[in-house]
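To keep things clear, I will list the structure first and then write my remarks on it.
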Amino acid sequence: MVKSFQGVRVVEPKKSPLDQILVKDHMSTSLITFRPDDSIDQVLEVLTKKKISGAPVLDESGDLVGIISEVDCLKEIIKGKYTNTPKFPGKVSEHMTKNVITMSPDLSLFDAAQKFLELKIRRFPVMKDGRLVGQISLSDIIRAFPKLKQTTW
């Protein structure tokens, strides 16, 4: 009779290839950012020029303090209509979304897609160790899926 002295083996569960499709592989890392004291005029100019619909807002130390979007800018545009001013001097800090929901770069793209559906948000800042490392948008998610091979689906 042969006895084994290897003990009990723990078999690691195999990870699905789908679990390996991560936010960090599809997020944007060259971000346009704004400061809380930037004017809405500046934001509108940059959003239009860069053909983007929003961006993170960072304070002087580079910490994420909000998100500004085209929809947020509309508030200042409407205010300008009522005051008959052609310029939009309002500050980003007055109109930005302050309670920002973020994602981890290690989140599965499928879990990220679920968050987009549940929360109906067009972009999420991606944070690692309390620092902004990127942003993932609904468009990034949509562009990623046709590239997946049938074997990884």
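What is the number of the single condition among (1) surrounded by 16 or more Cβ atoms within 10 Å (Cβ to Cβ); (2) within 30 Å of K147 (Cβ to Cβ); (3) polar (S, T, N, Q) that S93 does not meet? Of everything listed in (1) surrounded by 16 or more Cβ atoms within 10 Å (Cβ to Cβ); (2) within 30 Å of K147 (Cβ to Cβ); (3) polar (S, T, N, Q), S93 misses just condition (2).
Okay, residues lined up against (1) at pLDDT 65 or above; (2) assigned to a helix (DSSP H, G or I); (3) among the basic types (K, R):
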| site | (1), (2), (3) |
| --- | --- |
| V2 | no, no, no |
| I78 | yes, yes, no |
| T85 | no, no, no |
| V100 | yes, no, no |
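Which of the residues that make up region 60-71 are over 19 Å from L138 (Cβ atoms) and either at pLDDT below 95 or over 16 Å from the mean Cα position of the chain (by Cα) (or both)? E60, S61, G62 - these are the residues of region 60-71 that are over 19 Å from L138 (Cβ atoms) and either at pLDDT below 95 or over 16 Å from the mean Cα position of the chain (by Cα) (or both).
In region 36-59, the residue that is surrounded by the most Cβ atoms within 10 Å (Cβ to Cβ) out of those that are modelled with pLDDT under 95 and in a loop (DSSP other than H, G, I, E, B) is I52.
The values are calculated or read from the model by the stated rules, or taken from the named source; none is laboratory data. This is a predicted model, so every value here is computed, not measured. Quick reminder, even Gly has a Cβ in these numbers, built from the backbone with ideal geometry, and neighbours come from all protein chains shown.
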